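The values are calculated or read from the model by the stated rules, or taken from the named source; none is laboratory data. Computed from a predicted structure; not experimentally measured. Cβ placement follows ideal geometry from the backbone for every residue including glycine, while neighbour counts extend to all protein chains displayed.
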Amino acid sequence: MSHVPTFTDEQRAELEAWENRRLSPEEFEARVAAPWSEREREDFLALLEWFARRYPTAGERLQAARHLTAQWLSNRPR
Amino acid sequence: MEASKFNEVEFFRAIATSGARALLIGRRALIALGLPVMTSDYDYWIAADDAAAFNLALKPLEMSPTRSPEEARQTGRYVIEGDEHVDVLVARGVSTVDGTMVQFDDIWARRVHLTITDDVSIAIPSIDDLILTKKFGARPRDADDIRWLEVLRGSKP
């Protein structure tokens, strides 16, 4: 039996509405300007470096992203 | 369920050879630049007069527009659907969340080409302009994308 939490259609719609809400100019700027911790920046740069090394061209990156997104969509709990 | 027949290289080739001034924007452009993010659709900003050419190019891939070019010009956006979903912006200019007017022609003039295969390339906005387009919708994830684009811009030699 799966113990992965799932969402009802109503909860999913509510979550999507929250994720797609339009921020005010102040809220938006504050989110953009939020400081990075040193660890966060290091981890992110390492991720960028890995992605560029593993998929050196734009075509390879787009192809990989399509594959990974399809995989995630088919495996995500409903 | 039948597998999708969609071929991304042929999709980009059709657009590149259509004659339409079309910029890939949104998260696919971020991915092409080197940001590992996820998305399920394609976002394009095209010249207001080029919707017919853009639609015609995608017809052989069994992709159809939800609005005629005339209707699309009035509303400023439309969708092309088939095995994939393409959001198309056709406005001549769009305002950012902080009120800056961004003109397609300016962004187009500063576009960057990225190679997909030996004979196919895509046009995307420069990183600075991509950041501006991320200020149109002003959703939380657009702000996050700008943070990541700024780091990417800083990491480029």
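General observations
- Enumerated strands (runs of 3 or more DSSP E) restricted to region B:63-157, each holding at least 1 residues that are surrounded by fewer than 18 Cβ atoms within 10 Å (Cβ to Cβ), at pLDDT 95 or above and among the aromatic types (Phe, Trp, Tyr): none
- Per the listing A:52, A:64, the residue uniquely surrounded by 12 or more Cβ atoms within 10 Å (Cβ to Cβ) and at the interface with another protein chain (Cβ under 8 Å from one of its Cβ atoms) is A:52.
- All conditions but one from (1) under 15 Å from the mean Cα position of the chain (by Cα); (2) under 24 Å from residue A:23 (Cα atoms) apply to residue B:105; the one that does not is (2).
- Residues satisfying the stated conditions in region B:22-42, i.e. without any contact (Cβ under 8 Å) to a residue 60 or more places away in the chain and either farther than 18 Å from residue A:66 by Cβ or not charged (D, E, K, R) (or both): B:31, B:36, B:38, B:39, B:40, B:42
- Contact map, region B:43-59: first residue over 13 Å from residue B:17 (Cα atoms) and touching a residue at least 40 places away in the same chain (Cβ under 8 Å), second residue in a helix (DSSP H, G or I) and of a type in the set (Lys, Arg), Cβ cut-off under 6 Å, separation 6 or more or different chains; pairs are B:48/B:73.
- Top-ranked residue in region A:17-39 [being surrounded by fewer than 11 Cβ atoms within 10 Å (Cβ to Cβ) and charged (D, E, K, R); ranked as nearest to the other protein chains (Cβ to nearest Cβ)]: A:19
- In region B:26-52, of all residues being within 14 Å of another protein chain (Cβ to nearest Cβ) and aliphatic (A, V, I, L, M), the one that is farthest from residue A:74 (Cα to Cα) corresponds to B:33.
- Check on residue A:73, within 11 Å of chain B (Cβ to nearest Cβ), over 20 Å from residue B:32 (Cα atoms), in a helix (DSSP H, G or I) and at pLDDT below 90: yes
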